[in-house]
Amino acid sequence: MTICLGIESTAHTFGVSIVNDKGKILSNLNKTYTTEKGGMIPHEVALHHKKIADNLVEEALNYAKIKKEKLDFITFSQGPGLPPSLRIGKDKAKQLASNLQIPLIGSNHICAHLEIGKLLTKAKDPVFVFVSGANTQIIAYESERYRIFGETLDVGMGNALDKFGRDIGLGFPAGPKIEELAKKGNYIELPYIVKGMDLSFSGIVTKANQLFKKGVSKEDLCYSMQETCFSMVTEVTERALAHCNKKEVLLIGGVAANKRFCEMLNKMCEQRKAKFYSAPLRHCGDHAAMIAWQGMLQYKSNKNFEDVSEIDILPKWRIDEVEVTWIK
Ligand code: ATP
């Protein structure tokens, strides 16, 4: 049995997880930096991570009832992410791998979101719809790479919903409140912006704000925001499905909580005789088990390990640059 320890540290969450090669999550402990008000200051986030790193590693090992010496390798989120946060994870991972004299594997954070989604839903080769706060990407595996078929040209859909919600006084995060208000709304026209396979959300937010100031109701705006944004993503996903000739769609990221969004994607899949999956919500946010599992896939498929001292963070690492060795 192969066992690894994975560390997540790309942004506000620092986490440690132990998984085995059967995909069993033996422990998955995550702590998120929060503030009473204001946003994230990167060096304060890094201080938070540094303070908790040692203890969290010990707790994750204890919870899994695994002795350090039983670990076969260490893996960590190498990018993309905020450099100060990434460095804390990398330093801790390097220290562990060097002390234990075991391999160290860098994992791509976005890839890890996709692979844990596959593990938990049993989807095999889906078109991924990855929609979180900052990300909106339609991704599929083709010719040894995860390829981005469409993506936002400006803000992620979650951030667009949150920005609109903040402007009309819904607080943060606004996504769930928009979903509630939308149930009582009617459709009014908003800009529908799909350029080729890419998407743009910022113009929709601007227009919705202008209409709000002119007295259009919150309910109508919420309903129309949802219908417009979700239709745009569904259209691009449908075209990616057709282009790749795939038969599955897997929705991941926090916006997967929205029932109307799932319903729209599901309906499109039914019409194309494809199967729709949505990743379990508790695994949609950032956490360490996804990093550990991603590392496990890499470990099993490629034993050419990099020298620990050579490994560094990759803050701008795009998913289409990852060499996918684990899918045959
Ligand atoms: P990122 O990792 O992209 O920086 P994040 O970690 O904040 O962002 P997630 O936790 O995956 O992202 O998702 C959060 C987003 O999901 C927020 O923008 C939130 O408004 C949105 N969201 C949550 N629930 C719903 C819902 N029911 N409807 C629409 N959006 C939702």
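The values are calculated or read from the model by the stated rules, or taken from the named source; none is laboratory data. Please read these numbers as outputs of a predicted model, since none were measured by experiment. Note: ideal-geometry Cβ built from the backbone for every residue, glycine included; neighbour counts use all protein chains shown. To get the accessible areas, we keep the full protein, side chains included, count just its heavy atoms, and leave off ligands, DNA and RNA. Shrake-Rupley method; radii C 1.70, N 1.55, O 1.52, S 1.80 Å.
For the pair His243 and Asn209, label points projected 7 Å from Cα toward Cβ lie 3.1 nm apart. Over the range 19-126, the fraction of Cα-Cα pairs per 10 Å bin, rounded to whole percents and listed from the shortest bin up, is 12, 40, 36, 12, 1.
Projecting the Cα atoms of Ile252, Phe276, Gly185 onto the dipole axis of the range 126-281, where Lys and Arg carry +1 and Asp and Glu carry -1 at the beta carbon, places Gly185 farthest toward the positive end.
Loop-located GluC sites (Glu not before Pro) across the range 100-149 with a Cβ neighbour count of 14 or fewer within 10 Å are Glu144, with loop assigned by DSSP. Provide the net charge surrounding Gln298, with neighbours chosen by a C-beta distance below 13 Å and charges set as Lys +1, Arg +1, Asp -1, Glu -1. Residues near Gln298 contribute -3 overall. Placing unit charges on the Cβ atoms only, positive for Lys and Arg and negative for Asp and Glu, gives the range 113-205 a dipole magnitude near 240 debye about its Cα centre.
A simple spin-label model places the labels of Arg166 and Asp54 3.7 nm from each other, with each point 7 Å out along Cα-to-Cβ. Rounded to a whole number, what % of the accessible area of the chain do carbon and sulfur atoms account for, probe 1.4 Å? For the chain, the apolar C and S fraction of the accessible surface comes to 50 percent.
Placing +1 on the Cβ of every Lys and Arg and -1 on the Cβ of every Asp and Glu, with no other charges, gives the range 126-281 a dipole of roughly 180 debye about its Cα centre. From the alpha carbon centroid of the range 261-320 to that of the range 1-66 is 17 Å.
Let me test this: with uniform point scatterers at the alpha carbons of the chain, what is the Debye-based log₁₀ I(q)/I(0) at q = 0.07, 0.08, 0.11 1/Å? Here log10 of I(q) over I(0) equals -0.30, -0.39, -0.72.
Of all lysines in the structure, those lying under 23 Å Cα to Cα from Lys22, and not within fewer than 8 positions of it along the same chain, are Lys65, Lys67, Lys68, Lys70, Lys118, Lys122, Lys124, Lys300, Lys303, Lys328.
The packing ranking of peptides 200-209, 297-306, 172-181, highest mean first, is 200-209, 172-181, 297-306, where packing means the average number of other beta carbon atoms within 10 angstrom of each residue. Every Cα-Cα pair of the range 126-281 was included, and the share exceeding 29 Å stands at 14 percent.
Spin-label model, Asp154 to Glu323: label points 7 Å out along the Cα-to-beta-carbon direction sit 3.9 nm apart.
Here the chain carries DSSP beta bridges of which approximately 60% are antiparallel, counting only pairs with both residues inside. For Lys50, the lysines whose Cα falls under 16 Å of its own Cα, not counting residues fewer than eight places away in the same chain, are Lys31, Lys90, Lys92, Lys94.
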